[in-house]
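First the structure, in the form of structure tokens, and then the observations on it.
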Amino acid sequence: MQGLGRLSQEKIVFGLAVLLCIGFAVMLPGFLTTSNLLNLVRSVSILGILGVAMGLVVIGRGIDLSLVALMAISVAWTLQLVASGMSLPQAVALGLAFSLVAGMINGILIAYVEIPAIFATLAMGIAIYGFGRYFLFTLDVIYMPESAQALQWIGQGSLLGIPVPIFAFAAVCLVATLFLRWTTYGRYLRAVGDNLPAARITGIPARPIITLQYMISSLIGFAAGLVTAGSIASMNTRVANSTMVYDVILVVVLGGIGLSGGRGNIRNVVVGTLLIGVLLNGMTIMNIQYTLQNVIKGVILLTAIVIDTVLNPRDEQTAQQGDI
């Protein structure tokens with residue numbers, strides 16, 4: 001029954017997304033137009049990319065609450081470097097390096113120092129935000145300089161009439177799927193998330209794999225930040241203090257990736273992102289207040305966690321302090 005539940009959650013969420021589409025199509029004129037559907041997917045592409053990053057970490061039985069803060073600070077610093085006269089490739093390289101180092105520190109704290117992931121990444125997120133605002137730049141919003149206009153195509157351009165952010169989301173999903181399914185490290189990550197002691201017994205380098213998953217998360221987060229900056233020609237660092245990280249967790253859990261680790265696929269993130277995208281688009285068209293939207297998303301997240309707890313009960317190891 002447990003296995004059947006895990007298999008059916010994804011289908012249930014997809015079915016809810018279809019039902020919402022039908023309902024909104026009936027109630028809201030213009031919902032099913034091509035332009036609105038493309039805008040719907042484009043609007044949640046960044047959330048979906050971040051969801052892939054979080055999904056990989058959760059499959060490895062972790063969590064990354066520093067993801068949004070790291071995205072905002074690393075990309076804002078990149079824009080600041082370009083504005084100060086550095087070439088775009090060099091600035092992107094430094095921003096990416098900053099992101100990877102922060103991800104590596106996350107992994108070391110969790111894998112080697114054995115700090116619970118939820119506390120390590122929460123503290124890192126606060127530290128990264130404070131470090132960026134004090135040492136790297138002083139403004140809340142860093143605008144894209146003219147010498148970085150090439151980034152705008154990533155967020156605002158289109159190919160064959162389809163917005164580039166949708167292609168970026170699809171590319172990240174494809175690469176992450178290939179990583180999980182066809183690479184040794186991807187299989188190691190799933191094994192570590194499924195049963196850490198057993199993975200160690202079989203000779204899997206568990207600590208390096210845990211460190212790797214947080215570095216991959218930071219890499220994908222940086223990519224999401226570039227798309228964000230290209231979309232709005234700026235990076236607002238105050239997003240680090242927003243509820244965005246909980247939206248990311250929402251699409252992961254809602255899509256069916258179990259918080260107990262070792263289970264789930266990238267398509268679960270796609271399904272969860274689709275449902276949230278449809279819901280947010282419909283609520284926006286109906287002019288529902290942002291505060292009420294947060295209430296609705298919070299209830300959905302809580303419901304998804306309860307369902308996950310029922311369908312994926314924790315074993316003795318998962319119940320130990322430090323696991324979520």
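When the helices of the chain are scored as -39500 (n - 2.57) per DSSP H run of n ≥ 4 and the total is divided over every residue, the value at 222 nm lands at -24000 deg cm²/dmol. With springs connecting C-alpha atoms under 10 Å apart, model the chain as a Gaussian network and identify which of ALA72, ALA25, ALA176 has the largest mean-square fluctuation. Looking only at ALA72, ALA25, ALA176, the biggest GNM fluctuation is shown by ALA25.
When the chain is treated as a Gaussian network with alpha carbon springs shorter than 10 Å, the biggest mean-square fluctuation among LEU160, LEU88, LEU122 belongs to LEU160.
Taking only C-alpha pairs under 8 Å that are 6+ residues apart, what is the relative contact order of the chain in percent? Don't jump to the answer; show the numbers that get you there.
Numbers: 498 pairs, mean separation 109.2, N = 324.
That works out to 34 percent.
Taking the chain as a Gaussian network of alpha-carbon nodes connected by springs under 10 Å, the highest mean-square fluctuation of the residues ASP194, ASP64, ASP140 belongs to ASP140.
Restricting the calculation to Cα atoms, every distinct pair contributes to the Kirkwood radius of region 66-147, found to be 13.2 Å.
Quick check: net charge around GLY262, other residues with Cβ under 10 Å of its Cβ, Lys/Arg +1 and Asp/Glu -1?
Counting the neighbours of GLY262, the net charge comes to +2.
Each label point was placed 7 Å from the Cα along the Cα-to-Cβ direction; for SER84 and ILE22 their separation is 5.7 nm.
Spatially, region 58-112 and region 119-197 are offset by 9 Å when compared through their Cα centroids.
Can you give the charge dipole size of region 1-154 about its Cα centre, rounded to the nearest 20 debye, using +1 on the beta carbon of Lys and Arg and -1 on the beta carbon of Asp and Glu?
Details: 5 positive and 5 negative charges, 59 e Å.
The dipole magnitude comes to about 280 debye.
Charge dipole (Cα centre; +1 on Lys/Arg Cβ, -1 on Asp/Glu Cβ; no other charges) of region 6-311 amounts to roughly 560 debye.
Over the chain, with every protein chain in place, what whole percent of the accessible area is carbon and sulfur at 1.4 Å, could you tell me?
Working: 10230 of 14860 Å².
The value for the chain is 69 percent carbon and sulfur by accessible area.
In the chain, inverting the average of 1/r over every pair of distinct C-alpha atoms gives 20.1 Å as the Kirkwood radius.
The values are calculated or read from the model by the stated rules, or taken from the named source; none is laboratory data. In this text the structure is predicted, and so the values were computed from the model without any measurement. We place every Cβ from the backbone using ideal geometry, glycine too, and count neighbours over all the protein chains shown. Please note that ligands, DNA and RNA were not included when accessible areas were found on the heavy atoms of the full protein model with its side chains. Shrake-Rupley method; radii C 1.70, N 1.55, O 1.52, S 1.80 Å.
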